[in-house]
1. Within the range 15-26, can one find any residue that is assigned to a strand (DSSP E or B) and either among the hydrophobic types (A, V, I, L, M, F, W, C) or open to solvent by less than 10 Å² (accessible area, probe 1.4 Å) (or both)?
2. Looking only at the range 280-300, count every residue that is away from ligand 2 (no atom under 16 Å from the Cβ) and buried (at least 17 other Cβ atoms within 10 Å of the Cβ) and tell me the total.
3. For a quick check of your reading of the model, give me the residue pairs whose first member lies in the range 100-126 and is open to solvent by 50 Å² or more (accessible area, probe 1.4 Å), whose second is assigned to a loop (DSSP other than H, G, I, E, B) and of a type in the set (F, W, Y), with beta-carbon atoms closer than 8 Å and at least 6 apart or on different chains.
4. I need the full set of residues from the range 191-239 which are within 9 Å of ligand 1 (Cβ to nearest atom) and touching a residue at least 40 places away in the same chain (Cβ under 8 Å), in order please.
5. Can you tell me which of (1) surrounded by fewer than 24 Cβ atoms within 10 Å (Cβ to Cβ); (2) over 23 Å from N305 (Cα atoms) is the one V76 doesn't meet?
6. Give me the pairs, please: first residue somewhere in the range 246-258 and away from ligand 2 (no atom under 16 Å from the Cβ), second residue anywhere and assigned to a helix (DSSP H, G or I), beta-carbon distance under 7 Å, and either six or more positions apart or on two chains.
7. In the list V40, V31, which residue meets the criterion of being touching a Pro at 6+ places or on another chain (Cβ under 9 Å) and crowded, with 19+ Cβ neighbours inside 10 Å?
8. With a cut-off of at least 2 residues that are open to solvent by less than 60 Å² (accessible area, probe 1.4 Å), over 27 Å from H46 (Cβ atoms) and touching a Leu at 6+ places or on another chain (Cβ under 7 Å), name the strands (runs of 3 or more DSSP E) lying wholly within the range 206-279.
Amino acid sequence: MLKSHGYAAYEANSALRPFNFDRREPDSQDVLIEILFCGVCHSDLHQVRDEWNGATFPLVPGHEIVGRVLKTGSDVKHFKEGDTVGVGCMVDSCGTCSDCQENQEQYCDHTVFTYNSPDKQSGLMTYGGYSNQIVVNQRFVLKISDRLNLAAVAPLLCAGITTYSPLRHWKVGRGDKVGIVGLGGLGHMGIKFAHAFGAHVVLFTTSPDKETDAKRLGADEVVISNNPEEMQAHLQSFNFILDTVSASHNLDQYLGLLKRDGSLCMLGVPNQPHPSPSIGNLIFRRRALAGSLIGGILETQEMLNYCAEHNIVADIEMIAMQDINTAYERMLKSDVKYRFVIDMTSL
Ligand code: NAP
Ligand code: ZN
């Protein structure tokens, strides 16, 4: 076993603290990666507090990983020692089902997530990126361009692909009016991509003080979502709305803003369900209520290449590993511009 160390939650609602643990020894298909930076996703917070149930403790979170290859197995062809690489939310899947065959591994029934998943090979649980190193099958390792700020690339591995994928799937582009709900880690990447794809972008926020930032990030308009008059002005005008809010809220107020055949795509996974939306709101204009989960590995590489070409990275605040508990408290108050990234040299 490979002796590793990081920060873990030892039980739901306890502060994260140092943790020593074993990872499997790299086999012929594996890449051993020294972790340089790890982004802090709201999903980490949901899981360390066991808000989705099913957390296994101690739990080492982190699925926005950028690092350097330390060692490769004998069958690894596309990576070598010293390469800059990324790891997102998944580290394995069955490889044979129709979802895997269609490069949609995130929908496979046997996806191994980067943390809090049973690791088929070792029988251990997987441990995430709030740690010094990680062992990952080569199929789940991404190439990262050294041209970009590596700390600011880390959030692309979850917040980036989770917003890029639905915007591509629903073919958002020039001529579309697109809404992004919530300006946090996912929301700010959603604005950047929708703007880069040529759409007219409207941010819906509960935080009036984020307006200037939203426009700098690429929003054409900003709507304060708890102001009914501002909402009313946009009735039946959107092609597509991407909802990134991490808490339960009213969906009808967004369904009503869609044109005929428009779609509202949910990304947030709150611990309490949303109030049921009105089916009439769907039927009368043939609107769709949908959801989307991260993105496949092929599409994640496509997104990383697109970002390198178009100079797109996250807006980040760098923190030391020891600051993680304060960072979670601030994230809950929407006090982050717009993603915390842990500098792993602090570990
Ligand atoms: P985040 O940085 O905390 O941002 C969430 C934003 O939602 C906040 O900045 C805030 O924006 C808004 N918000 C928070 N509480 C609200 C409330 N009570 N009412 C209305 N708006 C509220 O979180 P994140 O990392 O972007 O993650 C967002 C959600 O997506 C989480 O639930 C996470 O687990 C989920 N997620 C899903 C996937 C997927 O594959 N589907 C992947 C990653 C994350 P304003 O201040 O602008 O209102
Ligand atoms: Zn995430």
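The values are calculated or read from the model by the stated rules, or taken from the named source; none is laboratory data. On a predicted model such as this, the values are computed, not experimentally measured, just so you know. Positions of Cβ are generated from backbone atoms using ideal geometry, with glycine treated the same way; all protein chains shown enter the neighbour counts. The protein model used for the area step is the full one, side chains on, heavy atoms only, and it has no ligands, DNA or RNA in it. Shrake-Rupley method; radii C 1.70, N 1.55, O 1.52, S 1.80 Å.
1. Yes - at least one qualifying residue is present in the range 15-26.
2. 3
3. Going by the 8 Å Cβ cut-off, the qualifying pairs are M125/Y115.
4. Residues satisfying the conditions are F204, T206, S207, S225.
5. Just one mismatch for V76, condition (2).
6. Listed by first residue and then by second, the contacts come to D252/N281; Q253/M231; L255/N281; L255/L282; G256/N281.
7. V40
8. Where strands (runs of 3 or more DSSP E) fall fully within the range 206-279, none carries at least 2 residues being open to solvent by less than 60 Å² (accessible area, probe 1.4 Å), over 27 Å from H46 (Cβ atoms) and touching a Leu at 6+ places or on another chain (Cβ under 7 Å).
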